[in-house]
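As C-alpha cells, the structure follows; a few thoughts come after it.
The values are calculated or read from the model by the stated rules, or taken from the named source; none is laboratory data. Please read these numbers as outputs of a predicted model, since none were measured by experiment. In case anyone asks, the SASA skips ligands and DNA or RNA and just uses the protein heavy atoms, side chains included. Shrake-Rupley method; radii C 1.70, N 1.55, O 1.52, S 1.80 Å.
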Amino acid sequence: MTEAIFTRDGAAFVASRYAAGPWHPELQHGGAPSALVAWAAEQVPTASPMRVARVTVELLRPVPVDRLEVETEVIRDGRKIQLVQVRLLHAGKEVTRGNVLRVRIADEPLPEGAAIEGGPGSPDDVAPDTRFKRGFPDSVNFGANFDMRRIRGGFGELGPGKMWFRQHRALIAGEPQTPVTRAMAVADFSNGIAPMLPFDAWTFLNADLTVSFARAPVGEWLFSDAETWLGDDGAGLAMTRLGDSRGWFGRAVQSLLVERR
C-alpha cells in the first residue's frame, strides 16, 4: 500500500481520500485528525522518558479532506508531566484543537492484584467480517484502512459493539505507526460500531474525543467494546473500553450531536 492517510507538504499534511468519513466524502472521519494530533504531540521532546496518558481532541469545525497546517505548543513542561496543545488549521482557520498529556515512565512493580485484570482475548478467536464496512458509502475512505474482526455491532446493527481493528495503512507516508495513533483511530469508531439509531435515517457524529490510557497499547490489533447513550435533546455519548492481546489499556468518550437526515 503506497497511499497513506496523510502526506507531508513542508510543515503541513495533505489528507488523502482515505481520511474521508461516512458522513460526507469531502470531510474527514474524526479518527484521522485525532490520530494526527496525537502523532504531532509525540514528536515534541520531553525532559525525561514519558508516554501519553490522555488525548482530548475538540473537532471545532468539519475537517476537509485537504491540506492541514499543524501547530504545537508546550503548555506545561516538567520532568513528570508534559502538556502539549496541537492545533490543526485549514486555510488559516482552526478546525481541530487537541491537548495531549504525557507522564513520566518509571519502573514501579505493583503489589499482587493491583494491576489491570481481564481483557478481550485474542483477535485470532474471531473470524474476519466485512459487514461493518457496509456503513461506508464507498470502499475508499477511513474504514478501508483497517482489517476488522467483528463480534457484534456496526451501522447495520443497533446496540453495543465489540470489534477488533488492525490499521494496515500508514497514517503519514514514510512514518511508522505508533501505539497511540492506532488507538486514537480505533477510539473514534465508537459511535459507528455501537449505534442506537439507523444510519440511513440519522446522523450521530461526534464533536470531540477523549482517550485516557492506563498503559501504552501493544500490538497491531486493538479491541473496542463500545456503547452509546442518547439523551432526548439531540445529544448523547459514545463510550468504549479499549484493549489489546495483553488486556484492557484505556477508555474513550465521544460527545454526540444527533440529527435526522
222 nm [θ] for the chain, helices only, -39500 (n - 2.57) per DSSP H run of 4+, per residue, to 500?
-> -2500 deg cm²/dmol
Name the most mobile residue of Val70, Val126, Val86, meaning the one with the largest mean-square fluctuation, in a Gaussian network model of the chain with Cα contacts below 10 Å.
-> Val126
Choice from Leu209, Leu222, Leu237 with maximal GNM fluctuation in the chain (Cα, 10 Å cutoff) = Leu237
Could you please state how large a percent of the accessible area of the chain is carbon and sulfur, counting protein chains only and using a 1.4 Å probe?
-> 51 percent
So what's Rg/Rh here for the chain, counting alpha carbon atoms and using the Kirkwood radius for Rh?
-> 0.95
For the chain, what is the accessible area per residue in Å², given a 1.4 Å probe and the full set of protein chains?
-> 47 Å²
Give me the accessible area of Ser255, 1.4 Å probe, in Å² rounded to the nearest 10.
-> 40 Å²
Three-way shape call for segment 36-160 based on the alpha-carbon gyration tensor, with the a/c threshold at 1.5 = oblate
Mind listing the phi-derived Karplus ³J(HN,Hα) values for segment 36-48, rounded to whole Hz, using 6.51, -1.76 and 1.60 with θ = phi - 60°, and x for any glycine or proline?
-> 5, 4, 4, 4, 4, 5, 5, 7, 6, x, 10, 6, 8
Tabulate in residue order the Karplus-calculated ³J(HN,Hα) for segment 56-61, using 6.51 cos²θ - 1.76 cosθ + 1.60 with θ = phi - 60°, rounded to whole Hz; enter x for Gly and Pro.
-> 10, 10, 9, 8, 5, 9
Can you pull the three principal axis extents for the Cα set of segment 123-261, in Å, largest first?
-> 40, 32, 31
For Arg61, what accessible area in Å² do you get when you roll a 1.4 Å probe over the heavy atoms of the protein chains, rounding to the nearest 10?
-> 110 Å²
Gap in Å between the Cα centre of segment 202-256 and the Cα centre of segment 48-105?
-> 19 Å
Most mobile of Pro198, Pro33, Pro217 per a Gaussian network model of the chain (Cα springs, under 10 Å)?
-> Pro198
